[in-house]
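First the structure, in the form of structure tokens, and then the observations on it.
The values are calculated or read from the model by the stated rules, or taken from the named source; none is laboratory data. Please read all numbers here as calculations on a predicted model, not as lab measurements. Backbone-built Cβ (ideal geometry, glycine too); neighbour counts: all protein chains shown. Only protein heavy atoms, including side chains, enter the accessible area calculation; ligands, DNA and RNA are left aside. Shrake-Rupley method; radii C 1.70, N 1.55, O 1.52, S 1.80 Å.
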Amino acid sequence: MSQPRAIFRQYQAQESLRSDRSAGDRARHRQKVRKAIRENVADIVAEQPIIGRAGDTIIKISVRGIKEYRFIYGNAKGAGQGDGDTEQGQVVQKGKHKAEGKGGEGGDEEGVDYYETEIMLDELIEIMFEDLELPDMERRKMRETLSERTLKRAGVQRAGNPATLDKKKTLKTLIKRRVAGGTIDADEPSSVRRDDLRYRRRKPKIRHESNAAILCIMDTSGSMDNTKKYLARSFFFLLYQFVRARYRSVEVVFIAHHTEAKEVTEHEFFHKGESGGTKISAGYKKAQEIIAARYHPKIWNLYAFHGSDGDNFHDDNDEMLKCAQELADVCNLFGYGEIKTWGNGLIEVLEKNLKAENFKAVRIDSKEDVWPAFQSLLSKERIRRAVREQGDADAS
Amino acid sequence: MPASLTELATSGDRWTMADLAAWDEKIRVLVDDFGLDCFEQEFEVCDHEQMIGYMAYHGMPAHYPHWSFGKSFERQKTLYNLQLSGLPYEMVINSDPSVAYLMRGNSLCLQILTMAHVYGHNDFFKNNFTFRHTEPKGLLNRVKLHSNRVRDYMTDPSIGLEQVEPVLDACHSLSLQISRNPSVKRLNRGELEARLFKELTKADKPDERAFATALEQPLLEDEEDLLRLLLEHAPDLSDWERDLIGIARADALYFLPQIETKVINEGWASFWHHQIMHALKLPHDIHMEFMVRHHQVIRPTPGDINPYHLGFMTWRKIAKEALGLEDKHDDGGPLPLLGDAAKGVRELMLQIREVDRDTSFLRRFLDEKLARELDIFEYAAQPSGDLVVTNVADQSGWREVKQTLLAQVGMGSMPIIKATKIDVKHGHRLTLSHEADDRELEPENAKQTLKHLYTLWRRPVTLETKVDGKDVAYECDEDGFSVLD
């Protein structure tokens, strides 16, 4: 036989584990994806629901910019194969034709300009923090949960973590067992059996005052475009992170308003645009309704923030001020953010007429403003807290 | 090695290494009987993760690193995890000895089918004329050496990844702008001058002044190999950059024949696995699985061209005609190609596999009857964005359909772009010209690729092409990209 015997090489599991030669290139590709994400973070965050979702949620996003280019033909004319009875004029593919680029092995064929990838929400948030140039220390604060979660003792249990072993109870059980079995006087040293082990049992202590609710109120008239939504969402998101870090359980309410207000889901909140005029008082009234129905101020720490571009029916201003005052009275913190002001804006009107030290109006024109605006809002929270603690001290 | 053949490849597999060796023995007898002429063959059993890796690196895990392979890996893996694409049954490297991978999760039937198929490719790599310049003997070592040099540049503190990567990015985007026929001899400087002198000689009177002026510019011989152009004429490349360009170009030259012979080569391997599998007298269950698998590979992909199907059917047509077998006697089964009676037919086929590539193969053997049988059609994009059938393979349309098909197989899918002038006197401006047929360049790709070229040429670059039928020049210089009407 002229064809020589073939050589067979058996599968080596170690080989597979040891030599992952693609790891470096995959990491480098991943880096490039991250870079592309960073460059598009405004669009991505504006499009993705991120508030109130767990950090390990995986989200799918489209990124631009890691496509490989070659000289290729553009106008799609080509030959294809049918199933036997293709006729002239038949539509092969509806809609946008795919970009041509069939290069064979060497050519990297990809029709679409977009590259879809998956990313963990935490990673995306990290990138957003980088984008907002959040100082490192603040970033950590945002992530650490300083909640007032405590545990109280609730007896013993037979199984548990060795660290919670209750030695005294365990010995007592051992002695009881030996008394019952009549071996208490025996000479041999006592040995602990598995049955004797007792562990401390703990129950989380529920403290109602550690609940917080965030009321996100936004003007959803047609002028709120993607950039504005990104800015608003960044702000709401920072608020959410801040509040979440301080309270054990946090609920978020989204209220969209134009001339009327309604409670919506996060997706609708950021994606549905309405047209027509704006009546801010409607949004504030809705917030009060929700507070009255679900979040009693005695039990809940309330944070309200209103995002708007500052365009309101002039007639509504008095009503708005009245409602804002009432809202400020029940909330820990009430913020008003004016995003890319339309016309004269309302900041002056609100600042001048509202008698509440827990109110703050901020102006956000670009993403560079988000963090300083947020900080100035927090300074109000600090004052408020100090005042409260002072009040508590006086009372006692 | 022989000792391990008796062991189970891994517990739980439905086959042993000894099974593979035994079937290989039988396949090789048939390979000889059919007259195929192969390199020595090596088979390596791998898992699916490794297979994805081999695919990402075109079968060569020792290949130099670049992020695009990572991207390719991730995409393959996602597709695999979503079960959108089963992995291919075969991955063969064009080297001597030939190396092929067998995926351990595959059934015994798939392993036998893969081995039979691989011998077809092996024979094709060894004998087809387009592969002659690929020097298969040293391939794996060459790839390894190139990889080492690229890694060295990446870790060199005075160069580093940040500088190496843009050069490789640019090389990759230009690498298929390559001479379509590497066996055509290039003229040397003396011959180029002689040719120029002849062009400038009118009525036996040489125009000495024009000749002298022309010699002040570099002489370009319709250069369509843009990486070679950079190597020979780019004004300020450092040594390591030149080396990277050379490495990327060697890669492209290695892939060129594979691109040029996709249809004929896959058709050849499929034709022979079909013959061999039938001649092996497989047990009934394996034979049934083979029939299913074979039809999964050899079936038309509606709306597209499946090279396996097109190639397989064309080879079958050639064999049937040479055997004088009429259609009514063809049941789709194996053809009688064994024995002395079919010697002439086998030799004819072996000769075709030696001298043809996709364009010539289809030009010679795709006739109206076959085009009609395969239901090949021509489509074009309408203003609405829909792709609509513009011609079918009937009596009046099949020639046009065939022309469209010929224009998209092999390197036909890559635009021909030639360097026509380097203006040394005016800032070393490089002028390229796109040889337009009725297809035009995709503008965004043209723009980005020209930018890549500029990062290596580092002097103004002009590309002459057509947009909507009008002459247009794309330019790239230190002020960025611009379009001149």
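Being open to solvent by 10 Å² or more (accessible area, probe 1.4 Å) and within 20 Å of the chain's Cα centre (by Cα) is the filter; apply it to region B:40-56 and report the residue that is nearest to the other protein chains (Cβ to nearest Cβ).
For region B:40-56, the residue satisfying everything is B:53.
Return yes or no: is residue B:334 within 12 Å of chain A (Cβ to nearest Cβ) and not polar (S, T, N, Q)?
Criteria not met by residue B:334.
List pairs: first in region A:67-80 and more than 7 Å from chain B (Cβ to nearest Cβ), second part of a loop (DSSP other than H, G, I, E, B), Cβ under 8 Å, 6+ apart or cross-chain?
Every condition considered, the pairs that remain are A:67/A:110; A:67/A:113.
Can you pull out the residues in region B:109-154 that are over 16 Å from the mean Cα position of the chain (by Cα) and of a type in the set (Ser, Thr, Tyr)?
B:114, B:119, B:147, B:153
Out of region B:235-270, which residues are in contact (Cβ under 8 Å) with a residue 40 or more places away in the chain, open to solvent by 10 Å² or more (accessible area, probe 1.4 Å) and away from chain A (no Cβ under 14 Å)?
B:235, B:236, B:237, B:240, B:241, B:243
Please specify each residue of region B:388-419 satisfying the condition of being more than 16 Å from residue B:367 (Cβ to Cβ), open to solvent by 30 Å² or more (accessible area, probe 1.4 Å), among the polar types (S, T, N, Q) and within 26 Å of the chain's Cα centre (by Cα).
Passing the criteria: only B:408.
Has region B:147-164 got any residue that is away from every other protein chain (no Cβ under 14 Å), closer than 30 Å to residue B:97 by Cβ and in contact (Cβ under 8 Å) with a residue 60 or more places away in the chain?
Yes, because at least one residue in region B:147-164 is away from every other protein chain (no Cβ under 14 Å), closer than 30 Å to residue B:97 by Cβ and in contact (Cβ under 8 Å) with a residue 60 or more places away in the chain.
How many residues does region A:314-337 hold that are in a strand (DSSP E or B) and either modelled with pLDDT under 85 or open to solvent by 10 Å² or more (accessible area, probe 1.4 Å) (or both)?
Residues meeting the conditions: 1.
Of (1) open to solvent by less than 10 Å² (accessible area, probe 1.4 Å); (2) free of Cβ contacts under 8 Å to residues at least 60 places away in the same chain; (3) farther than 23 Å from residue B:172 by Cβ, residue B:227 satisfies all except one. Which?
Of the numbered conditions (1) open to solvent by less than 10 Å² (accessible area, probe 1.4 Å); (2) free of Cβ contacts under 8 Å to residues at least 60 places away in the same chain; (3) farther than 23 Å from residue B:172 by Cβ, the odd one out for residue B:227 is (3).
Among B:113, B:139, which is open to solvent by less than 40 Å² (accessible area, probe 1.4 Å), hydrophobic (A, V, I, L, M, F, W, C) and not assigned by TED's automatic domain parsing to the domain that holds residue B:55?
One residue alone meets the criteria, B:139.
Can you tell me how many residues within region B:353-389 are out of contact with any His (no Cβ under 7 Å at 6 or more places or on another chain) and at the interface with another protein chain (Cβ under 7 Å from one of its Cβ atoms)?
10
Restricting the search to region B:166-177, which residues are facing chain A (nearest Cβ under 9 Å) and either open to solvent by less than 10 Å² (accessible area, probe 1.4 Å) or more than 19 Å from residue B:147 (Cβ to Cβ) (or both)?
Scanning region B:166-177 gives B:173, B:174, B:176, B:177.
Which of the residues that make up region B:16-39 are touching a residue at least 60 places away in the same chain (Cβ under 8 Å) and surrounded by fewer than 18 Cβ atoms within 10 Å (Cβ to Cβ)?
B:19, B:26, B:33, B:35, B:37
Within region A:300-313, is there a residue that is surrounded by fewer than 16 Cβ atoms within 10 Å (Cβ to Cβ) and under 21 Å from the mean Cα position of the chain (by Cα)?
no
Six or more apart or on different chains, Cβ atoms under 6 Å: show the pairs whose first residue is in region B:63-81 and part of a helix (DSSP H, G or I) and whose second is polar (S, T, N, Q).
Once the first residue is part of a helix (DSSP H, G or I) and sits in region B:63-81, its partners that are polar (S, T, N, Q) give B:73/A:22; B:79/B:85.
Just to be sure I understand, how many residues within region B:440-464 are at the interface with chain A (Cβ under 9 Å from one of its Cβ atoms) and either assigned to a helix (DSSP H, G or I) or open to solvent by less than 20 Å² (accessible area, probe 1.4 Å) (or both)?
Qualifying residue count, region B:440-464: 12.
Filter region B:388-417 down to residues that are assigned to a strand (DSSP E or B) and touching a residue at least 12 places away in the same chain (Cβ under 8 Å) and give me whichever is farthest from residue B:453 (Cα to Cα).
Per the criteria, the residue is B:392.
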